[in-house]
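Notes follow the structure.
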Amino acid sequence: MQGDLLPLFPLSVVLLPHNRLPLHIIEPRYREMIGEAIRDGSAFGVVMATEKGVVNLGCTARVLEVTQRHADGRFDIVALGVRRFEVVLLNEEKAYLRAAVQFFDDLDPAPAPIAAREQALTAFTALKAIQGLDLETPGLETPELSFHLAQAVPEIQFRHLLLGMRSETARMRHLAEFLPFYAARQQRVVHIKNVAPTNGSGQGKLGL
């Protein structure tokens, strides 16, 4: 940011561009921060929090909707990921953390090969069906398609890896390899949940 400090919201999630993020705002300092973002139509940064502090990669977010306001001052919002950044310098002068940041985009802006896009989109569609996800299916020509497809995967380390990649082709190839494996794993989880109550035999579990 040009001389401005970006408010930071440390969370145990990784926000990606074009991804929606529902948030329940509890702490007074974050009520203040998000309240200012709502009032001014400004952005805030979502960064992953770890035991050692915040990581130096993040994504800006803008408030799409305030879904509920509670009598005690808490409120619920839906935010949308916008643009990636690197933290240059942290500032702790206010109740909430702020930072000087450097925005970045892809070094290779070309779309990924069609085969990788098709493979990843097929796996995304299967994953939606397996998990019953209420996500819009993007088209093959959607810009930064990889970020849209990654909405179906909550795994933090995988999302953080995508966040730092500066090539749509690299991200899509990674997704094309990972999504089929992840969808198959989730299918096994669903199957186990379905057969567990009957012990896999169509009979009720025996009390022990």
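The values are calculated or read from the model by the stated rules, or taken from the named source; none is laboratory data. Predicted model only: the values in this text are computed from it and were never measured. Note: ideal-geometry Cβ built from the backbone for every residue, glycine included; neighbour counts use all protein chains shown.
Residue count for region 9-32 satisfying the condition of being exposed (fewer than 15 other Cβ atoms within 10 Å of the Cβ) and of a type in the set (Ser, Thr, Tyr): 1.
Inside region 37-55, residues that are assigned to a strand (DSSP E or B), of a type outside the set (Gly, Ala, Ser) and at pLDDT 95 or above make up a count of 4.
Which of the residues spanning region 77-94 are out of contact with any Phe, Trp or Tyr (no Cβ under 9 Å at 6 or more places or on another chain) and among the aliphatic types (A, V, I, L, M)? Reasoning before the result, please.
Narrowing region 77-94 to residues out of contact with any Phe, Trp or Tyr (no Cβ under 9 Å at 6 or more places or on another chain): 77-78, 80, 82, 87-94.
Within region 77-94, Ile77, Val78, Leu80, Val82, Val87, Val88, Leu89, Leu90 meet the criteria.
Checking the condition out of contact with any Pro (no Cβ under 7 Å at 6 or more places or on another chain), in the same structural domain as Leu21 (by TED's automatic domain parsing), over 20 Å from Met48 (Cβ atoms) and charged (D, E, K, R), which residue from Glu141, Glu136, Glu93 passes?
Details: Glu141 fails: in the same structural domain as Leu21 (by TED's automatic domain parsing); Glu136 fails: in the same structural domain as Leu21 (by TED's automatic domain parsing).
The conditions single out Glu93.
Scanning region 116-150 for residues that are surrounded by fewer than 17 Cβ atoms within 10 Å (Cβ to Cβ) and within 12 Å of Leu175 (Cα to Cα) yields Glu118, Thr122. The residues listed here are Val101, Val87, Val66; of these, the one that is touching a helix residue (DSSP H, G or I) at 6+ places or on another chain (Cβ under 9 Å) and more than 30 Å from Glu141 (Cα to Cα) is Val66. Within region 140-155, at least one residue is over 17 Å from Pro17 (Cβ atoms) and under 16 Å from the mean Cα position of the chain (by Cα).
Here is a check on your reading of the model: is Leu140 in a loop (DSSP other than H, G, I, E, B), more than 25 Å from Pro10 (Cα to Cα), in contact (Cβ under 8 Å) with a residue 24 or more places away in the chain and of a type outside the set (S, T, N, Q)? Yes. The one condition from (1) under 30 Å from Asn194 (Cα atoms); (2) polar (S, T, N, Q); (3) touching a strand residue (DSSP E or B) at 6+ places or on another chain (Cβ under 7 Å) that Thr125 does not meet is (3). Of the listed requirements (1) assigned to a helix (DSSP H, G or I); (2) over 17 Å from the mean Cα position of the chain (by Cα); (3) of a type in the set (D, E, K, R), Asp72 misses just one: (1). Here Pro154 meets each of (1) assigned to a loop (DSSP other than H, G, I, E, B); (2) within 21 Å of Glu86 (Cα to Cα) with one exception, condition (2). Within region 46-62, is there a residue that is surrounded by fewer than 13 Cβ atoms within 10 Å (Cβ to Cβ) and under 29 Å from Glu168 (Cβ atoms)? Yes. Taking region 156-181 as the range and being out of contact with any Phe, Trp or Tyr (no Cβ under 8 Å at 6 or more places or on another chain) and among the charged types (D, E, K, R) as the test, the residues that pass are Arg159, Glu168, Arg173, Glu177. Looking at region 182-196, which of the residues that are small (Gly, Ala, Ser) and under 16 Å from Glu155 (Cβ atoms) is surrounded by the fewest Cβ atoms within 10 Å (Cβ to Cβ)? Out of the qualifying residues, it is Ala184. Residues of region 81-101 that are loosely packed, with under 13 Cβ neighbours inside 10 Å and assigned to a strand (DSSP E or B): Val88, Leu89.
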